[in-house]
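Please read the structure below before turning to the comments.
The values are calculated or read from the model by the stated rules, or taken from the named source; none is laboratory data. Since the model is a prediction, treat every value here as computed from it, not as a measurement. Cβ coordinates were reconstructed from backbone atoms using ideal geometry, including for glycine residues, and neighbour counts include every protein chain displayed.
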Amino acid sequence: MSKSFEIAIVGGGIAGLTLAIALHRRNIAVQVYEQTAQFKEIGAGVSFSSNAVAAMETCDGELAGSFGPGVKSAFDKVTTANGWPSKQTVWFDYYDGMSPKQRDEILFSITSGCGQQGVHRARFLDELVKAFPAEKTHLGKRLQNIVEREDGKIILNFTDGTSAEADAVIGCDGIHSRVRSFIVGENHPSAHPSYSHKYAYRGIVPMEAAIEAIGEEKARNSCMFLGKSGHVLTFPMDDGKFLNMVAFYEDQNEWADDRRLTKMSTREDALNDFKDFGPDVTKIMSLVQPRLPIWAIFDTCENPLPIFFKGRIAVIGDAAHATSPHHGNGAGFAIEDSALIAELLADELVHTPRDIEAALATYDKVRRGRDQWLVQSSRFVGNVDAGLIPEIGTDYKKVHQEIKERYSKIIGFSPKEEAIHAKKVMHEKLAL
Ligand SMILES: Cc1cc2nc3c(=O)[nH]c(=O)nc-3n(C[C@H](O)[C@H](O)[C@H](O)COP(=O)(O)OP(=O)(O)OC[C@H]3O[C@@H](n4cnc5c(N)ncnc54)[C@H](O)[C@@H]3O)c2cc1C
């Protein structure tokens, strides 16, 4: 090992595993502590745009190949692009989801270098798990508290009565992060995400049935159906064998339990919410599984975290900036975080506890603005998609302009350039 310090990662989701792989590939000692008895993800889709794919490559670093599979090769094994050659750069084709016409025309398209890349979450996680040494993962370890010992070591105590020590802790423990509460205090408003007053039905449809229902172009390629008080997106996944559907609906009520963000619902409930939508939406919805999960969309929009680190404890991914999914980039930005933290900790000047703190302070300084912009912008775009911004409404020219500008900020980003800039910032800090 080229470094004498060891990093503890709390949480083995997309943020935790991509960071673990990125550190391991840089010869940095790292252990992952995950609360569940086995790594698990839900059976729904998640999609990535070109910024996230570039961040995966940065996670893998210069030694790509010599360590076996990395983040990018894990992703390459499971990703599904749009089905048509002419749609390879399309992120989404936008349609009027309320239109009564069956074969409606595209309002506009948003494009990016690699277009739409959809994966089945559980399969992606399986591949990430394979790219990290099993002996460095500790399952059934639910973090309870963190204390700093007099000698500077950070002690993690788990609910099963065991503990572990490390030189720094990175909380990748999701929207209800325990690590976050050690940074800002349990009673700080930002320790608790809030309800965006939207929920989402997540369904899967066999591709052949989807083609029969809405035609080949819409079924095989990613679509966004704009609507009133709701909107629906679809994209192909699993080598085009299935179509993933996410249907967002505006909720006037409060969510009953902010610790349980999912509940089971039915296809009939979904069809009832979307009964005023056009035939493309209702036909796809009538093909999803009879019982399907609803996800309450919580985020940190109303109470953003004022800082992403404290000493040698930091948070990344949803633990730092849980976002609504309307930019399709919560996981993508988590991977951007992983890439930058790994680059900073691997820097040749980082050795001592003070250096680690400087690296985490630099991560906070460089990433917090972009990460928190995503959270704010995503809420806004969710309302644009659902026709809820009065000055935009269903003026599709304005809708197009708004989404295009915001999306170009997401994809017009280079993780490598960010790392170069961040290292300069960190070197200045270390020289003080
Ligand atoms: C409906 C919906 C659709 C989405 N679509 C997209 C999309 O298309 N593209 C995209 O980029 N993003 C999307 N997102 C966002 C994305 O799902 C999240 O941003 C991403 O999963 C966050 O990953 P994470 O690793 O930070 O957190 P999580 O995936 O929540 O992982 C946290 C991990 O930490 C563990 N953990 C929690 N507490 C503890 C503890 N105390 N001790 C130990 N372990 C603990 C958990 O068990 C879990 O394994 C979507 C979100 C939703 C709700």
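Taking the conditions exactly as written (assigned to a helix (DSSP H, G or I) and without any contact (Cβ under 8 Å) to a residue 40 or more places away in the chain), does GLY369 satisfy them or not? Working first, answer last.
Details: assigned to a helix (DSSP H, G or I): yes; without any contact (Cβ under 8 Å) to a residue 40 or more places away in the chain: yes.
Yes: the conditions hold for GLY369.
Could you go through the range 143-159 and let me know if any residue there is touching a Lys or Arg at 6+ places or on another chain (Cβ under 7 Å), part of a loop (DSSP other than H, G, I, E, B), exposed (fewer than 15 other Cβ atoms within 10 Å of the Cβ) and not aliphatic (A, V, I, L, M). Walk me through it before giving the result.
Going residue by residue through the range 143-159, those that are touching a Lys or Arg at 6+ places or on another chain (Cβ under 7 Å) are 143, 154-155, 158-159.
This time we only want the ones that are part of a loop (DSSP other than H, G, I, E, B), so: 159.
Remaining after also requiring exposed (fewer than 15 other Cβ atoms within 10 Å of the Cβ): 159.
Among the residues that remain, those that are also not aliphatic (A, V, I, L, M) are: 159.
Yes, the conditions are met somewhere in the range 143-159.
Is it true that GLU150 is without any contact (Cβ under 8 Å) to a residue 24 or more places away in the chain and of a type in the set (Asp, Glu)? Spell out how you get there, then give the answer.
Working: without any contact (Cβ under 8 Å) to a residue 24 or more places away in the chain: yes; of a type in the set (Asp, Glu): yes.
Taking the combined requirement at face value, the residue satisfies it.
Under 9 Å by Cβ, and 6 or more places apart or on different chains, what pairs join a residue from the range 1-23 that is within 16 Å of ALA134 (Cα to Cα) and within 10 Å of the ligand (Cβ to nearest atom) with one that is among the hydroxyl-bearing types (Ser, Thr, Tyr) and in a loop (DSSP other than H, G, I, E, B)?
VAL10/SER177; GLY11/SER177; GLY12/THR36
I'd like to check something: does the range 32-43 contain any residue that is basic (Lys, Arg) and at pLDDT below 95? Give the steps one after another, and end with the answer.
If we filter the range 32-43 for residues that are basic (Lys, Arg), which is where we start, we get 40.
With at pLDDT below 95 added as a condition, the list becomes 40.
For the range 32-43, residues basic (Lys, Arg) and at pLDDT below 95: present.
Would you mind listing the helices (runs of 4 or more DSSP H) fully within the range 174-238 where at least 3 residues are away from the ligand (no atom under 13 Å from the Cβ) and surrounded by 17 or more Cβ atoms within 10 Å (Cβ to Cβ)? Full working, then the answer.
Working: elements: 178-184, 207-214, 216-220.
Result: 207-214, 216-220.
If we scan the range 249-265, do we find a residue that is more than 13 Å from GLY174 (Cα to Cα) and in contact with a helix residue (DSSP H, G or I) (Cβ under 6 Å, 6 or more places away or on another chain)?
Checked the range 249-265: at least one residue is more than 13 Å from GLY174 (Cα to Cα) and in contact with a helix residue (DSSP H, G or I) (Cβ under 6 Å, 6 or more places away or on another chain).
Please tell me if THR300 is more than 9 Å from the ligand (Cβ to nearest atom), surrounded by 22 or more Cβ atoms within 10 Å (Cβ to Cβ) and of a type outside the set (Phe, Trp, Tyr).
Values: more than 9 Å from the ligand (Cβ to nearest atom): yes; surrounded by 22 or more Cβ atoms within 10 Å (Cβ to Cβ): yes; of a type outside the set (Phe, Trp, Tyr): yes.
Yes: the conditions hold for THR300.
Please go through (1) over 30 Å from LYS72 (Cβ atoms); (2) more than 13 Å from the ligand (Cβ to nearest atom); (3) among the β-branched types (Val, Ile, Thr) for THR111 and return the number of the only condition it doesn't satisfy.
Failed condition: (1).
Six or more apart or on different chains, Cβ under 6 Å: which pairs go from a residue in the range 323-338 that's under 15 Å from ILE170 (Cβ atoms) and of a type in the set (Asp, Glu) to one that's more than 6 Å from the ligand (Cβ to nearest atom) and outside any helix (DSSP H, G or I)? Could you list them?
So the pair list comes out as ASP337/ILE316.
Out of the range 86-128, which residues are under 25 Å from the mean Cα position of the chain (by Cα), surrounded by fewer than 19 Cβ atoms within 10 Å (Cβ to Cβ) and among the aliphatic types (A, V, I, L, M)?
Scanning the range 86-128 gives a single hit, ALA122.
Would you be able to say whether some residue in the range 72-91 is touching a Cys at 6+ places or on another chain (Cβ under 8 Å) and more than 17 Å from ALA219 (Cα to Cα)?
Yes, the range 72-91 contains at least one residue that is touching a Cys at 6+ places or on another chain (Cβ under 8 Å) and more than 17 Å from ALA219 (Cα to Cα).
Can you tell me which residues in the range 53-90 are within 13 Å of the ligand (Cβ to nearest atom), of a type in the set (A, V, I, L, M, F, W, C) and touching a Phe, Trp or Tyr at 6+ places or on another chain (Cβ under 8 Å)?
VAL53, MET56, PHE75
Does VAL119 count as within 10 Å of the ligand (Cβ to nearest atom), touching a residue at least 24 places away in the same chain (Cβ under 8 Å), among the aliphatic types (A, V, I, L, M) and within 20 Å of ILE42 (Cβ to Cβ)?
Details: within 10 Å of the ligand (Cβ to nearest atom): yes; touching a residue at least 24 places away in the same chain (Cβ under 8 Å): yes; among the aliphatic types (A, V, I, L, M): yes; within 20 Å of ILE42 (Cβ to Cβ): yes.
Judged against the criteria, VAL119 is a match.
From the list TYR407, TYR363, pick out the single residue that is over 24 Å from PRO306 (Cβ atoms), in a helix (DSSP H, G or I) and in contact (Cβ under 8 Å) with a residue 24 or more places away in the chain. Quick ask: steps written out before the conclusion?
On the way: TYR363 fails: over 24 Å from PRO306 (Cβ atoms).
Testing whether each residue is over 24 Å from PRO306 (Cβ atoms), in a helix (DSSP H, G or I) and in contact (Cβ under 8 Å) with a residue 24 or more places away in the chain leaves just TYR407.
So which strands (runs of 3 or more DSSP E) are wholly in the range 252-348 and hold at least 3 residues that are closer than 30 Å to ASP167 by Cβ and hydrophobic (A, V, I, L, M, F, W, C)? Walk me through it before giving the result.
Working: elements: 262-266, 291-299, 313-315.
It comes to 313-315.
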